[in-house]
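What follows is a set of notes on a single structure, which appears directly below.
Every read-out reported here was derived from the displayed coordinates using simple, explicitly stated rules and does not represent laboratory data. For clarity, every value in this text was computed on a predicted model and none was experimentally measured. In this analysis, Cβ positions are derived from the backbone assuming ideal geometry, glycine residues included, and neighbour counts consider all displayed protein chains.
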Amino acid sequence: MPYGPWLRFCAALLLLVSCTPVTGKKKRDPGAESPTGQAEPAETQTLMPRADPGHVQYLERHSMLFKSSEMAKVVSGSGIAWRNTAAGGPSGLLDHADTWVLIHPMTMLTSSQSSTFSQLAESATWPVLREIGASGVYAAPVQGSGFLWAKGRKGLDSGDDVVQYDFSRTAGNENQYKRLMQGAISNNIIIGSDLVPAATGLGPDFFLALRGVREYPGIYCMVEIPDEDWKLLPEVNPETEGAVLGPARVEALDRRGLLPKSMREELSPLSRSGGWAVTGAERGVDGISRRWVYRYYRNPTYAVLNWEDPSQAAHRILSGSAVLQVGLQGQALIGLRFEAFLGLEPVAEGAGKSFGIEPARTAAQSMGREINRYGGWSWVRDDGLPMDVLGNFLSSGVDYIFDSVFSPAAEHALLTGDAGPARFMADEALRLGLDFSRLAHVMPAQDGINYALPYLGRAGAGPEGEKAAALRDSMRSAMQAAAGKNSPAPVQENRLYTTGAGLAAMALNTDPASAVKDIQNGHALLIFFKAMQPGLLMLAGQDLCGVLPLPRGAQGDDRDGPADAVRGGYGLGSVSSMRAVSTMGTARAPQLYPPSDIQVHNKDSFLRKIGVFLRPRKEYGIAKGRLIARPATKEKGSIALLSRLPDDTLLLSLCNFSRNTVNEVIKLSDIPGAEGARLSRVTALTTGGSHSVSGRNISFTLGPWQGRALILGAGKSAGTNADADKSADTNANASADKSAGANADTGAGAGTGAKGKAGQKKAESGKQR
């Protein structure tokens, strides 16, 4: 009997057995479909002498770095990067969409098992947007999150810990997105979303980095710790997420030359949340077990990308995201969430407190230019940048940036009735020469209201520094006092988690259900103040329905943090008005106003009230204006602003944030730049009150929480004929229900008129895709 075939069979069988992993508890099969419809990671614990090659391949197929290579092939050697540059620069976006509605998919209740994209694509959406003059819908985050890759993590999926390019189940799928885009194009609406953030969740790319796969460790700010130094690390179960390293352990690793003792971020006066975390032992593809220390932002479930790594792996991930979102999906406005990059550089021992903007500024510059090249516009979403660095970012190549001049100053004025901080910030912004047409004025929602007040913390020593520090402390104390009275809104790390309607309810310190009309007035005033400034206006979906924060304990054991208070679900339309919980388990928050599609047909609704002054923004070019002065006012709750509009007319706005009736007189003769104002032609945009003109003076009477803006006719230098001007003192509030005309009564045509060439180009390119 020949033994050759028999021996070969035995050898093959022995090899097969030796390569089969010995498994423990198996949680999910590789590639199994999750309840969300996404393929979930394998969680097989193995005793193999090296990482399971099959599992590594599975992770790589789902990684962003792998898919970024596919995105690069779309651009390389093609004309995409040369023919789609955003037309008209930053102002090109304002020609088409100066007012946007921001939607957070995890907070939006949908009908049945419908997705956010499907819900927004319904025909009822478009009349709502037209009513408020909004030409942009901004949905973020829409990518897959790390929550579904986590092992035993408690709480709710916020969606913020992005780990994939693919849409999350909550947001929708490719076909649903295409349907949304088709509806948007038909209604002259453009779409926007966030780029992959600077701190991602823990997903395939992170798991591959832990296994030492090729350049994946270069994606993150992470350091491999040698075996002999493991004694300096705490014990961490490989099945759990990273454990925070305390100062003593960081200092010990610093002495070993492995970590910097201090990062500029940690010496910032803003007290940003971040640090170093350590993983458990993870066996790599080469059979070597490794432990890593990585930089995190907020908590160890957010790993910070390493923008400056020589592999350029992080840059490639962000670049791939830009190609996909702008070049292929046709998104017009892209948000940059690069706050985790701020101050991400070691500092020498003994360095004083300072604020570092690198590599955030460099990353924003690079990605802003790339987004422009593919035909989109960018905006920096960080709400904690000091006012004096905004210009630095804007000059780097980004198109817009979060308005930290009047946020939280405007919200604070509504909460306390004191507009003093807003007046101070306006004066400082004018002194610094900020271009307000490049600012994004954002209404508070799921991110809360940031009371870090970074500019006031950078004023330095001396009397001015002491004054700024005192102002910062008094604002925080007043906010804490108001939040502790009669509000479910929590406060953490100087951030007040509430909505626009919730803020007005807090200021009233009463049962919201018994004060809906007053809450609407305060809510409308805050929107009015932001809308009467040059720049982008970003409304939240919660604004349209009067969403309040969730009552304490409403989310039960699922509440993962203070942000969940304003991440309660809400129904934007009537089809979802009966839903009590979202598909991801988010409890429904209280809503003071009817569904938005019902409000459109009610002349007394909140939606119709704000639409009266929002639609004319585009007609009069308010978003493209230039803030030139802050006229003096006498009352504590009053603030006046003067802007020059593109046609050389002037916009004078006055807001009363107090709960008392005020009388103010604005003397135009005392204001540099207002000399040419023609007072024979005055058009009013208003939430209430009255005004009268006497010579070069304008007298205002405003009731509690009322605002009034006047378009003052241009002087002769603008080419107008004084004899042809007629008095046109129109009150948009009183005339809200008149038929469309040529004045500001209803802002006729402002939301549906001809869009600029840049908007046409964007819509056409999206339609082609």
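Around the amide H of residue 331, modelled in the peptide plane, lie the amide H atoms of 326, all under 5 Å away and 5 or more residues distant in sequence or on another chain.
Checking every one of the trypsin sites (Lys or Arg not before Pro) in the range 315-414 against DSSP loop status and a limit of 12 other Cβ atoms within 10 Å picks out 353. Computed 3J(HN,Hα) for the range 192-201, one whole-Hz value per residue from the Karplus formula 6.51 cos²θ - 1.76 cosθ + 1.60 where θ = phi - 60°, is x, 6, 8, 6, 3, x, 6, 10, 8, x, glycine and proline marked x.
The GluC sites (Glu not before Pro) of the range 205-237 that DSSP puts in a loop, and whose beta carbon has at most 13 other beta carbons within 10 Å, are 235.
Whole-Hz Karplus values for the range 595-603 come out as x, 4, 6, 7, 4, 4, 9, 10, 5 Hz, taken residue by residue from phi with 6.51 cos²θ - 1.76 cosθ + 1.60 and θ = phi - 60°; glycine and proline positions read x.
With N counted as the residues of the range 597-690, its alpha-carbon radius of gyration over 2.2 N^0.38 Å works out to 1.22.
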